[in-house]
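K.L.:
Got a structure for you, written out below as structure tokens; questions coming shortly.
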Amino acid sequence: MDRAEQAIVEGRNAIHDLRSTTLSESDLEQALTALGKELGPVDGNAGKDAEVLKVVVEGTARPIRPVLRDDVYRIVREALRNAFRHANAEHIEAEVVYEENLFRVRIRDDGKGINPNILEHEGPSGHWGLVGMRERAKRIGGQLEVWTEHNAGTEIELTVPGSVAYGSPSVGTGFQLFSRKTKRKT
């Protein structure tokens, strides 16, 4: 019965992933805060969910390329979902960093950590969370790192080069460089 229930939940989540529209623009902070409320503790701790997830933003928020935005959100959502469901964490932090040359999202929790066997084998049979996160990260030109220790929590970090995440500088830049070279030749 437990396996059947788990299969139903995972199927429902997969359908939600396919049908959901995630971010209208690039307000990742707002989306993560809403997700924390959605995933927050249910076992009589209804008022506690605001305390569990803290979202921190460093740097000036920049629009993320629309083609990457949904994948970034889905990777981060899976990391948060795992922290809420499996880690037994009391505190979870989502850190979003906008640097000129790098976009980074880091999810940290103070939970029980990930079992090394699960981490080595990319999850138990039939679970695709870590595998899917890594595949999405690779597909968008990013990198996913996982650090964990028994009873010391887990940290998952997604990094994407700024040129990939934010797009290139203004469209006219290449033409300006070309025209300068042309002028020098004459």
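The values are calculated or read from the model by the stated rules, or taken from the named source; none is laboratory data. Not measured: the values here are computed from a predicted model. Glycine also receives a Cβ, built like all others from the backbone with ideal geometry; neighbour counts cover every protein chain displayed.
K.L.:
Give the number of residues within the range 143-159 that are touching a residue at least 40 places away in the same chain (Cβ under 8 Å) and not aliphatic (A, V, I, L, M).
P.N.:
5
K.L.:
Another question about this same structure. Criterion first (surrounded by 11 or more Cβ atoms within 10 Å (Cβ to Cβ), at pLDDT below 85 and part of a loop (DSSP other than H, G, I, E, B)) does residue 123 satisfy it?
P.N.:
Numbers: surrounded by 11 or more Cβ atoms within 10 Å (Cβ to Cβ): yes; at pLDDT below 85: yes; part of a loop (DSSP other than H, G, I, E, B): yes.
In short, yes.
K.L.:
If we scan the range 157-164, do we find a residue that is part of a helix (DSSP H, G or I), farther than 23 Å from residue 88 by Cα, of a type outside the set (Gly, Ala, Ser) and modelled with pLDDT of 60 or more?
P.N.:
Filtering the range 157-164 for residues part of a helix (DSSP H, G or I) gives 162-164.
After this cut, where a residue has to be farther than 23 Å from residue 88 by Cα as well, the list is 162-164.
From the residues that got through so far, the ones that are of a type outside the set (Gly, Ala, Ser) too are 164.
When the remaining residues are screened for being modelled with pLDDT of 60 or more, the result is 164.
For the range 157-164, residues part of a helix (DSSP H, G or I), farther than 23 Å from residue 88 by Cα, of a type outside the set (Gly, Ala, Ser) and modelled with pLDDT of 60 or more: present.
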